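The values are calculated or read from the model by the stated rules, or taken from the named source; none is laboratory data. In this text the structure is predicted, and so the values were computed from the model without any measurement. Counting neighbours? That spans all protein chains shown, and the Cβs are built from the backbone with ideal geometry, glycine included.
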Amino acid sequence: MQKTIERREVKEAETGRVRELMHVMLNADTYTSLQAISALGAIGAPAIGPLVETLLAVDSDARWTVAMALARTGVEAVEPLIGVVLVADDDIKNPAIWALAEIGDPRAVEPLVGTLRTSQSECCRALTAAALLKLGDPAGVAEVERAFEQSGEAFTGLAMEAYEGT
């Protein structure tokens, strides 16, 4: 019984710390925000759920900040980020795609290939192509090459610009 109470207290303290850091991340100056992102990354798995919830709820500029924090949490964020890529609108999906590329886990390849094939947004497709190139998986790279052939020089240039910027 005592251990259960202690675990609950630790979890509540950890949740409070995550919420505090998220507030700082979204509202402070750039330097302080980057420090909060780093701290959230160090917390890892306990920060992922609240970060994903925030990714789905905030405006566009804040989504990219949240994506930075999710990328810093590492491989434990891959499955939740894949979930976002599979169901979210492109405006929400784009930062999640970037975060997956930053993490570099091969589990992201298949869902990203699906996004490259089906997204109606050229921006989302270009960002997805860049992510697949960054991941470097042969199947993903082959799909990007097919997209380049089908979509032409303008799309290829956009995707390569996104790749060079990541």
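Checked against the criterion of being of a type in the set (D, E, K, R) and within 24 Å of Leu70 (Cβ to Cβ), the range 148-162 contains one or more residues that satisfy it.
Restricted to the range 130-166, and to residues there that are modelled with pLDDT under 95, under 21 Å from the mean Cα position of the chain (by Cα) and part of a loop (DSSP other than H, G, I, E, B), the residue that is surrounded by the fewest Cβ atoms within 10 Å (Cβ to Cβ) is Gly165. Scan the range 116-129 for residues that are buried (at least 20 other Cβ atoms within 10 Å of the Cβ) and closer than 19 Å to Arg63 by Cα and the total you get is 5. For the range 52-73, the set of residues classified as of a type in the set (A, V, I, L, M, F, W, C) and part of a helix (DSSP H, G or I) consists of Val52, Leu55, Leu56, Ala57, Ala62, Trp64, Val66, Ala67, Met68, Ala69, Leu70, Ala71, listed by residue number.
All of (1) modelled with pLDDT under 95; (2) more than 25 Å from Leu116 (Cβ to Cβ) hold for Glu20 with one exception: (1).
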